[in-house]
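Encoded as structure tokens, the structure appears first; notes follow it.
The values are calculated or read from the model by the stated rules, or taken from the named source; none is laboratory data. Since this is a predicted model, take the numbers as computed values, not measurements. Glycine also receives a Cβ, built like all others from the backbone with ideal geometry; neighbour counts cover every protein chain displayed. For the accessible areas, the whole protein counts, side chains as well, though only heavy atoms, and no ligand, DNA or RNA atoms are used. Shrake-Rupley method; radii C 1.70, N 1.55, O 1.52, S 1.80 Å.
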Amino acid sequence: MLRILVATDGSPHAIGAAKLAARFVRELREADVMLVNVGHIPNIALGSAGVGIVNLGALEEALQQAGRTVLEKTAEALAGVDARVRRIYRQGDPAGEIINAAEEHNADLIIMGSRGLGQVGGLILGSVSERVLHGAYGPVLIVR
Ligand code: ATP
Ligand code: MG
């Protein structure tokens with residue numbers, strides 16, 4: 001049983017990662033897929049010295065709702081595969097939470113995109129994929 005974690009922000013690269021995971025699952029005898037989305041609250045939204053400048057509860061709820069949509073869309077790439085596909089939403093630092101989720105769920109492999117929703121062009125790797133590649137305890141497959 002191979003446990004595959006697909007990190008997704010809903011970007012075309014992340015959907016590409018999910019499609020590759022679907023291909024792997026079709027070739028494997030047994031597999032388990034975890035789709036992970038991390039809702040990130042930027043520091044600026046938390047304000048300084050504990051004085052929030054936004055309604056944190058509302059922001060958390062909106063992020064979770066957005067995460068659900070992203071997981072839904074990503075799951076479509078795995079429609080019909082013969083494997084359990086779990087959807088996991090976490091809140092926090094995206095790279096750190098992807099690594100933690102991989103640990104907690106004993107993932108054998110992390111698959112993710114080289115780029116995401118970020119607007120800065122020209123980079124080979126986005127910051128999340130670079131940090132997961134540096135910090136993960138197991139293999140990471142970057143889809144470009
Ligand atoms: P940056 O975020 O550094 O501006 P970027 O958005 O182009 O650049 P990344 O965010 O590193 O690049 O995205 C690369 C891959 O990381 C995505 O294709 C996706 O697989 C994963 N990823 C990025 N953000 C998240 C997230 N919030 N939750 C889950 N996976 C994510
Ligand atoms: Mg990004």
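See the values below:
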quantity	calculated
Filter result (surrounded by 12 or more Cβ atoms within 10 Å (Cβ to Cβ), away from ligand 2 (no atom under 11 Å from the Cβ) and in contact (Cβ under 8 Å) with a residue 12 or more places away in the chain) within region 115-138	Val132, Gly135, Ala136, Gly138
Filter pass, Ala21 being away from ligand 2 (no atom under 16 Å from the Cβ) and either of a type in the set (A, V, I, L, M) or open to solvent by less than 60 Å² (accessible area, probe 1.4 Å) (or both)	yes
Segments classed as helices (runs of 4 or more DSSP H), wholly inside region 30-144, with at least 2 members that are within 13 Å of ligand 1 (Cβ to nearest atom) and modelled with pLDDT under 95	none
Residues that are more than 16 Å from ligand 2 (Cβ to nearest atom) and either small (Gly, Ala, Ser) or farther than 26 Å from Met1 by Cβ (or both), drawn from region 74-114	Ala75, Ala77, Ala79, Gly80, Ala83, Ala101, Ala102, Ala107
Meets criteria (surrounded by 15 or more Cβ atoms within 10 Å (Cβ to Cβ) and touching a helix residue (DSSP H, G or I) at 6+ places or on another chain (Cβ under 8 Å)) for Ala95	yes
Qualifying residue in region 8-22 (condition: modelled with pLDDT under 95 and away from ligand 1 (no atom under 14 Å from the Cβ))	no
Lone qualifier among Gly80, Gly57, Gly67 - being on the phi > 0 side of the Ramachandran plot and free of Cβ contacts under 8 Å to residues at least 40 places away in the same chain	Gly80
Of all residues making up region 57-77, the number that are hydrophobic (A, V, I, L, M, F, W, C) and within 15 Å of the chain's Cα centre (by Cα)	6
Residue list for region 33-42, filter: open to solvent by less than 10 Å² (accessible area, probe 1.4 Å) and either hydrophobic (A, V, I, L, M, F, W, C) or over 15 Å from the mean Cα position of the chain (by Cα) (or both)	Val33, Met34, Leu35, Val36
